Each structure stands twice: as structure tokens, then as C-alpha cells.
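Notes follow the structure.
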Amino acid sequence: MEHLIDIVLFLDRQELAFRGHNESSSSLNKGHFKEHFDMHITRCSLEIQNHYNAIKNIFSRLSNTIQNDLITCVSDHIRNMFNVLFLKIKDKITKQNTPFRESIPPKEKLAVCLRFLATGDSYQTISFSFRLGHSTVQSNVLEVCEAIISNMKEETMPTPKKEDWERISNEFWEIWNFPNCIGALDGKHVVIEAPPNSGSLYFNYKKTFSIVLLALVDAQYKFIAVDIGTYGKNSDGGILSHSNMGKALEKNKMNIPSDRELPGTNEKLPYVIIGDEAFPLKNYLLRPYPSPQIYEDEQKKVFNERLSRARKVVEDAFGQITAKFRIYCRRLKALPQNADKIVMTTCILHNFIKKDGPETQNHELPLNSTSLPNHIRSFPRQGGSAQKRAFEYRDKYKTFFCSPAGQLHWK
């Protein structure tokens with residue numbers, strides 16, 4: 001039973017379907033549920049495997065009834081989370097009834113907002129489903145988003161303390177085998193309709209109009225810090241350098257602990273954030289070696305592989321938030337200032353959904369807000385010259401990954 005519960009929780013967290021098209025024993029693809037159970041059995045002790053083989057013909061532990069019962073348990077959990085979310089924002093979205101008409105129930109407002117975020121349907125489609133006016137749906141969505149941001153941001157993403165950074169670093173080493181790492185950094189373009197009178201400010205290299213979600217993610221796929229609303233034309237490195245987070249990193253004002261020894265060595269190195277080639281190399285920010293260099297140096301290739309393995313958590317986090325909230329799969333029909341609120345709400349709900357799971361809780365840093373300007377302004381370029389010490393730190397990480405203390409036993 002313990003294995004069954006673990007599988008259900010895993011499939012729920014990854015938003016994967018339980019059932020397969022053909023669940024017979026001869027099928028090559030019996031669905032996620034049965035395939036994961038078979039994998040769990042092979043990893044159990046020989047005693048459990050023998051017991052399972054003896055009773056599998058008479059004990060249908062994978063019947064449709066059992067699967068449906070387990071799915072029902074998960075749906076009850078989701079319903080409970082809806083009620084918890086409702087209680088947190090109820091006072092903010094409740095309106096007083098008048099002698100002329102009753103106000104929209106707060107639970108219906110929350111349902112409208114979650115329907116919009118989860119499906120990406122237009123306001124017009126949702127207005128038909130809930131029998132509300134088009135403008136009423138739009139105002140309800142923004143009202144609920146503002147309530148969630150106001151009441152839940154500090155709870156789901158508070159500013160990290162020194163012990164929080166140390167915990168995140170320990171998780172990156174234990175799960176992703178990257179020491180002294182306090183987060184993976186990347187940007188995501190959120191496609192929006194071209195804002196009025198904005199020129200090419202929001203026009204990105206993908207030939208769409210967008211705002212940028214720049215996110216720092218921990219080892220458990222939860223957002224530590226986000227910067228939302230920058231013009232789509234800007235680079236990730238430039239966005240970081242002009243964000244509150246980037247400025248705080250430069251001035252060492254983020255409560256990050258002092259240097260710590262690498263596991264199994266006496267070499268002390270600073271805590272670092274990892275990113276891709278879009279970011280500059282800094283004392284606090286590691287990026288991969290350039291591609292031409294990895295063909296000449298095997299150690300640099302190993303470093304890039306380890307960095308990529310740990311950095312993929314931010315890519316996975318973007319994938320999970322897109323799977324939960326389908327507004328990311330469509331062009332968002334909202335002004336930039338409203339799109340910022342919608343995107344921030346999804347980040348908060350993403351952490352809220354994960355906080356009750358087996359993963360540890362996560363935190364966030366202060367945000368910088370960007371609103372639509374009245375005129376076009378230039379965006380300063382990010383300096384590309386890295387400090388000499390940053391190169392030395394990266395080389396030391398490279399040496400560690402190729403040493404007995406840092407090597408992976410399965411490589």
C-alpha cells in the first residue's frame with residue numbers, strides 16, 4: 001500500500017495521467033500507474049518480489065476500482081486546498097449585498113479566476129459558462145489576483161534568511177549533486193497581445209510580443225524570487241542586472257552566508273547561482289564554459305554537464321507551471337500591468353500547491369515592478385566582462401567535479 005500511495009502522489013505532483021489505453025499484462029505501455037508500480041516492485045527486496053509474484057494472479061491491486069478510489073482521494077485533497085485558498089482571501093473579495101441586487105459569491109469569484117488561469121479561456125467564454133458579464137469576469141479575475149498577491153505572497157515566498165540559503169544549498173547537493181548552489185536562474189517569455197502605443201518594446205527575438213518572467217528556483221522546483229514585467233526585447237542578463245534581485249546580489253545584501261567548504265574537501269568557495277549562457281559570469285553566478293572549449297578539455301565538459309543537470313530545475317519549474325496554468329499556452333489578452341498580476345498569481349499558486357507536498361517550503365525576494373511607460377526609453381546594456389576571481393571560482397568547481405570527492409559514482 002505504501003508503494004501505491006507514493007505512486008499516486010508522484011503522478012499528482014507531475015500532473016501525469018494515471019490510466020493507459022491498454023492496461024493488459026501483454027501491453028508495452030500499460031499507463032503511468034501500472035508502469036511505475038512494476039518499477040517499484042523490481043526495486044523492492046527479494047522477499048516482497050516473491051510474495052507479489054505468488055499473489056498477483058489473485059490480488060488485483062491495480063484494478064480500475066482501486067485506481068479510481070486513489071484518484072478520488074487526490075481529488076478530495078484538491079478540494080480541500082481550494083477551501084484553504086478561499087479562506088485566505090475571503091475577506092478581500094467579499095462584497096456587501098444591497099437592496100437592489102446580491103453580490104457575486106466570493107467562492108464563485110475564486111472559481112472564475114482559477115478557471116481562467118487553469119484553462120486560458122477567454123473572458124467571453126467564461127462569461128457564458130458562469131452567466132456573468134464579460135467585464136464582470138475580467139474585473140473578478142483581477143480582483144482575486146490582487147487578493148492572492150496581497151494575502152499570500154509573504155506566506156509562499158518570503159525573503160530567505162541565512163539558514164534558508166543553507167537548506168537550499170544542501171538540497172541542491174543531495175538531489176542534483178551541485179555544491180554551494182542556492183538557486184537556478186532563467187527567464188521565460190509570456191506572450192501577450194501587442195500593448196497600445198508601445199512600439200517594439202515588447203517585441204522579442206521569437207517574433208512575438210511578451211513580458212519576461214525571470215525566476216530563481218530551488219532544488220524542489222519552487223520559486224525563490226521572481227521579476228515580472230520587463231520588456232520582451234531585453235536579454236536575461238540585462239534584466240537581472242537592473243532588477244532588485246540583481247542589484248542586491250551585486251551589493252551582497254541578500255543574507256547569503258559566507259563561503260563554505262566543498263563536500264569532502266578543505267576548499268572554500270562562495271555560494272553561487274547557476275544560469276545558462278544568457279547570463280554573465282560573476283562571483284555569485286556560474287555559467288557554462290563556451291561550447292568550443294569543451295571539445296578541447298574533458299573537465300570543462302564534465303562541469304557543463306553537472307551545471308546543466310542542476311540548472312534544469314528552473315526549466316522543469318516553467319514546464320510544471322505551464323502544465324498547471326494553460327494561460328501560458330495562449331496569447332494573454334491583457335495590458336502589461338494586468339499581465340504582471342496574473343503571472344505573479346500563478347507563481348504564488350504554484351508554490352502554494354507544492355508547499356503541502358513532501359518537498360520543503362520555499363521563499364522569495366523583493367520584486368521590482370515595471371509598468372508601461374509613456375515614452376520609449378533606452379535600456380542600459382549589461383557589462384560582459386567577468387572578474388578574474390569569477391573565472392577562478394568556476395575552474396575550482398570544474399576541478400572538484402573531476403575529483404574523487406565530487407565525482408558521481410554512476411558516471
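The values are calculated or read from the model by the stated rules, or taken from the named source; none is laboratory data. For clarity, every value in this text was computed on a predicted model and none was experimentally measured. Glycine also receives a Cβ, built like all others from the backbone with ideal geometry; neighbour counts cover every protein chain displayed. Surface accessibility is based on the protein's heavy atoms, side chains included, excluding ligands, DNA and RNA. Shrake-Rupley method; radii C 1.70, N 1.55, O 1.52, S 1.80 Å.
Give the residues of region 211-225 whose amide nitrogen is closer than 16 Å to a point set 7 Å from the Cα of R309 in the direction of its Cβ.
219
For E47 and S139, FRET efficiency with R0 = 56 Å and r from the beta-carbon atoms, rounded to 0.05?
Efficiency, rounded to the nearest 0.05: 0.35.
How much of the accessible area of region 208-270, in percent, comes from carbon and sulfur atoms when a 1.4 Å probe is used?
C and S atoms contribute 43 percent here.
Counting Lys and Arg as +1 and Asp and Glu as -1, what is the net charge of the other residues whose Cβ lies under 13 Å from the Cβ of F130?
Once positives and negatives cancel, what remains is +2.
At 1.4 Å probe radius, can you tell me the per residue accessible area of region 95-201 in Å²?
48
Note down the net charge around G187, summing +1 for each Lys or Arg and -1 for each Asp or Glu among other residues with Cβ under 14 Å from its Cβ.
-1
Accessible area, 1.4 Å probe, largest first: how do R79, R309, R394 sort?
R79, R309, R394
May I ask which of K253/K388; K34/K107; K222/K253; K162/K324 have a Cα-Cα span longer than 26 Å here?
In this structure, K34/K107; K162/K324 lie more than 26 Å apart at Cα.
Just to confirm, what accessible area per residue do you get for region 309-360 at 1.4 Å probe, in whole Å²?
That works out to 36 Å² per residue.
Which value, in Å³ per residue, describes the convex hull spanned by the Cα atoms of region 237-325?
It is 145 Å³ per residue.
Note down the accessible area of Y328, probe 1.4 Å, to the nearest 10 Å².
Counting only protein heavy atoms, the figure is 30 Å².
Would you mind working out the magnitude of the charge dipole of region 123-176 relative to its Cα centre, with +1 at each Lys and Arg C-beta and -1 at each Asp and Glu C-beta, to the nearest 20 Debye?
300
Compactness ratio of region 112-255: Cα Rg over 2.2 N^0.38 Å, N = residue count?
Cα-based Rg divided by the globular estimate yields 1.27.
If you take every residue apart from Y202 with its C-beta less than 10 Å away from the C-beta of Y202, what net charge results, scoring Lys and Arg +1 and Asp and Glu -1?
0
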